[in-house]
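The values are calculated or read from the model by the stated rules, or taken from the named source; none is laboratory data. Just so it is clear, the model here is predicted, and its values are computed rather than measured. Neighbour counts run over all protein chains shown; Cβ positions are idealised from the backbone, glycine included.
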Amino acid sequence: MLETSFPLVSVVMPVHNGALYLSDAIKSILSQTYPNFELIIINDGSSDNSEYIIHAFNDSRIKYHLFIKQQGIVAALNYGLTLAKGDFIARMDADDISLKHRLAKQVEMLLNNPEIDILGTQYIGINGRSRSLPILHDDIIWHTLNASPFVHPSVMFRASFIKLNNIRYNTDYQFAEDLALWVDCFSLTRMANLNERLIKYRYHNGTHKKHLEQVALLNTKIKTELIKKLIPVLHADDCQRLAICLNRHVSQEYSILWFKNTLAFFDHVIQVSGGEIKLKQALNNCIWFHLTAKPGLFLELNKELKKRAWISIGIGKTIWLVVKSIMKYN
């Protein structure tokens, strides 16, 4: 149960030209069942009517701050961290919707589990698929090899952890600032995701596609350092090559030869690592990830996949690939 004192939660929401969905995002926080929070909104140089929408809410819990010129989401987030007065700091984006029990359930979890300093939730995709995120700390670390283990705007931090470790988002990783932060924090604390969908998340397809190669390069750099820590016996060049395989680059040219070479390389990585189970799971996810980009190659590759006992794509995914392959060739 929640403590009767209801510790303060600081919700940090950066906004840049977010007028289209901003009102619903603000309403979703103001409608929380958890009573004791402040909503820190940083207007990052918006040129639309975002400011008008914010001022339309007459609520003392809203703390509004304006950047006259756009400084970027990293600067806005870091400024929000310095402004936060709460015992807990919750992230929120200007185009997502927090379900009404979100803050209450996250605060309860953090109060009952003092070893956890970073806590996310499952999510509902507004304009895309809802994927399950890992729950436990070790699974979160290995999941990061393929994708972010958190929906960023669902995360709640323990403020004491942020202050003690001087946690800030890295300006060198704009568009991948969240992934860089998680990897930096892995060795500092424990992380978790609630096994409940408590936020409606909107995919940023336009922005993501515009910066796809930049994001892939940043993710490769971040994951290279993570691989060095997870598999210290792996040669530095192999760490970088594995990180590249774990990302989809715009310049990626898929072919039967590419898949065969990649599978042989994965065999080598597994052998060197001693057959770590979580690594095998991560590489399985990677294979699936790349096959979805080129499903027409699956039937021709199937023999290569079956040669490897560590590969298990699953019946559902296999059926999807077969159907897509048949459609490709017909």
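Looking only at residues in the range 307-319 that are under 21 Å from PRO134 (Cβ atoms) and of a type in the set (Val, Ile, Thr), the one that is modelled with the lowest pLDDT is ILE313.
What's the number of the condition LYS223 fails, among (1) closer than 22 Å to GLY120 by Cα; (2) surrounded by fewer than 19 Cβ atoms within 10 Å (Cβ to Cβ); (3) of a type in the set (D, E, K, R)? For LYS223, the failing item is (2). If LEU234 meets every condition in (1) assigned to a helix (DSSP H, G or I); (2) more than 18 Å from the chain's Cα centre (by Cα); (3) buried (at least 17 other Cβ atoms within 10 Å of the Cβ) apart from one, which number is that one? Failing condition for LEU234: (1).
Being among the hydrophobic types (A, V, I, L, M, F, W, C) and surrounded by 15 or more Cβ atoms within 10 Å (Cβ to Cβ): is that true of ALA264 here? So ALA264 does not fit the description; no.
Of all residues in the range 64-101, exactly one satisfies the criterion of being of a type in the set (Lys, Arg) and farther than 23 Å from PRO7 by Cβ, namely LYS69.
Scanning the range 140-180 for residues that are under 24 Å from ILE29 (Cα atoms), among the aliphatic types (A, V, I, L, M) and part of a helix (DSSP H, G or I) gives ALA159, ILE162. Residues that are more than 15 Å from the chain's Cα centre (by Cα), assigned to a loop (DSSP other than H, G, I, E, B) and β-branched (Val, Ile, Thr) are absent from the range 207-221 altogether.
Counted as qualifying within the range 1-67 are the strands (runs of 3 or more DSSP E) with 1 or more residues that are among the acidic types (Asp, Glu), namely 37-44. Within the range 237-260, being in a helix (DSSP H, G or I) and acidic (Asp, Glu) holds for ASP237, ASP238. Scanning the range 30-76 for residues that are more than 27 Å from ASP87 (Cβ to Cβ) and in contact (Cβ under 8 Å) with a residue 40 or more places away in the chain, which turns out surrounded by the most Cβ atoms within 10 Å (Cβ to Cβ)? Taking the candidates together, the pick is SER50. Summed over the range 277-306, residues that are outside any helix (DSSP H, G or I) and at pLDDT 95 or above total 0. Annotation note: Cβ proximity below 7 Å between a residue of the range 183-194 that is free of Cβ contacts under 8 Å to residues at least 60 places away in the same chain and a residue that is of a type in the set (Ser, Thr, Tyr) and outside any strand (DSSP E or B) (sequence gap 6+ or interchain) occurs for VAL183/THR144. Scanning the range 8-25 for residues that are within 20 Å of GLN106 (Cβ to Cβ) and surrounded by 23 or more Cβ atoms within 10 Å (Cβ to Cβ) yields VAL9, VAL11, VAL12, MET13, PRO14, ALA25.
Of all residues in the range 274-284 being touching a helix residue (DSSP H, G or I) at 6+ places or on another chain (Cβ under 8 Å) and crowded, with 17+ Cβ neighbours inside 10 Å, which is farthest from LEU234 (Cα to Cα)? Step by step, filter the range 274-284, then rank; the result is GLN281. Residue count for the range 217-261 under the criterion of being at pLDDT below 90 and either under 22 Å from TRP182 (Cβ atoms) or touching a helix residue (DSSP H, G or I) at 6+ places or on another chain (Cβ under 8 Å) (or both): the result is 6. Quick check on this structure: which one of ILE89, ILE124 is within 20 Å of THR189 (Cα to Cα) and either in a loop (DSSP other than H, G, I, E, B) or touching a strand residue (DSSP E or B) at 6+ places or on another chain (Cβ under 7 Å) (or both)? Being within 20 Å of THR189 (Cα to Cα) and either in a loop (DSSP other than H, G, I, E, B) or touching a strand residue (DSSP E or B) at 6+ places or on another chain (Cβ under 7 Å) (or both) holds for just one of ILE89, ILE124, which is ILE89. Under 24 Å from GLU38 (Cα atoms), of a type outside the set (Gly, Ala, Ser), buried (at least 19 other Cβ atoms within 10 Å of the Cβ) and touching an Asp or Glu at 6+ places or on another chain (Cβ under 9 Å) - does that describe any residue in the range 123-137? Looking through the range 123-137, at least one residue is under 24 Å from GLU38 (Cα atoms), of a type outside the set (Gly, Ala, Ser), buried (at least 19 other Cβ atoms within 10 Å of the Cβ) and touching an Asp or Glu at 6+ places or on another chain (Cβ under 9 Å).
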